[in-house]
Every structure is written in structure tokens, then in C-alpha cells.
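The structure appears below as C-alpha cells.
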Amino acid sequence: MLYYCSDLPAGCNDYRALCNASEAIKCLQTYNSTTGENDDLAQLTDKQLLEEARKLKPAYTLNSFLIGFVIGILLFGIFYSAKGLFMLIPVFLIKAFVNDPRNKRYKVVKEMLKARGLA
């Protein structure tokens with residue numbers, strides 16, 4: 001899986017356009033060590049990594065559902081010719097749901113599980 005630089009934290013500006021999962025994990029590890037985050041994902045055991053994925057999955061699923069729901073509201077508004085602020089609110093909500101840090105962390109955890117052969 002390829003990640004866009006915008007998917008990585010601001011401290012991961014080493015990559016110009018795209019990077020693969022191992023490069024993203026390496027960048028996140030470097031970023032975590034420089035920012036002082038205490039739970040480096042690479043240091044977790046297999047059991048802890050599975051537990052982390054189990055904790056993050058409901059948030060990922062809920063965000064996916066809410067994105068679809070808000071897109072439905074947006075399409076309903078377009079169909080019934082809504083204008084102005086009522087069209088902007090769903091767009092900002094979608095952006096907030098997509099940029100949720102738990103979604104990005106869940107994707108990194110899933111890639112690490114695949115790399116370890118656990119998923």
C-alpha cells in the first residue's frame with residue numbers, strides 16, 4: 001500500500017510524493033521518537049499489536065459509516081437544490097472524519113500486522 005505524504009505527520013517530510021508501508025512505518029517510528037511518544041508501534045509484541053488493532057477498529061468502522069452517511073446528506077442536499085452553508089457543513093464533516101488520527105493509526109497497525117503475518 002502506498003501512502004501520500006499528507007497522510008504522514010508533519011515531521012515526515014523526507015518523502016516527496018509516495019512511499020510504501022515500510023517507509024511510512026520507519027518515518028512514523030522516527031517521528032514518534034523525536035516527539036516523545038511513548039508507544040512506538042514497532043516495539044509492541046504481536047499480542048499488543050493485535051490488541052491495538054482491536055481497540056482502533058470500532059473507531060475506523062464508525063468513521064467509515066459516518067463518512068457515507070454525510071455523503072448521503074450531501075447528495076440529498078444537491079438533489080433538492082440546497083445552497084450555502086448547508087452544503088459546506090457536510091464537506092467539513094467529511095474532511096474531519098477522513099483526517100481522524102485514529103484512522104491513520106489503524107492503517108499503520110494493519111500494515112504492521114500484514115508485515116508480521118498476523119492479518
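The values are calculated or read from the model by the stated rules, or taken from the named source; none is laboratory data. Because the structure is predicted, anything quoted here is derived from the model rather than measured. Here Cβ is always computed from backbone atoms with ideal geometry, including for glycine, and neighbour counts include all displayed protein chains. Calculation scope for accessible area: heavy atoms of the full protein, side chains included, ligands and nucleic acids excluded. Shrake-Rupley method; radii C 1.70, N 1.55, O 1.52, S 1.80 Å.
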Lone unmet requirement of (1) of a type outside the set (Ser, Thr, Tyr); (2) under 19 Å from the mean Cα position of the chain (by Cα); (3) at pLDDT 90 or above; (4) open to solvent by less than 40 Å² (accessible area, probe 1.4 Å) for Gly72: (2)
Regarding the stretch 8-19, can at least one residue be identified that is modelled with pLDDT of 55 or more and charged (D, E, K, R)? no
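Scan the stretch 65-119 for residues that are in a helix (DSSP H, G or I), among the small types (Gly, Ala, Ser) and either in contact (Cβ under 8 Å) with a residue 60 or more places away in the chain or at positive phi (or both) and jot them down.
Ala115
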Quick check: anything in the stretch 59-67 open to solvent by 80 Å² or more (accessible area, probe 1.4 Å), within 30 Å of Asp40 (Cα to Cα) and touching a Leu at 6+ places or on another chain (Cβ under 8 Å)? no
Quick check on the stretch 85-119: of everything there that is under 15 Å from Val70 (Cβ atoms) and among the charged types (D, E, K, R), which residue is modelled with the highest pLDDT? Lys95
Of all residues in the stretch 75-95, which are open to solvent by 80 Å² or more (accessible area, probe 1.4 Å) and within 30 Å of Ala119 (Cα to Cα)? Lys95
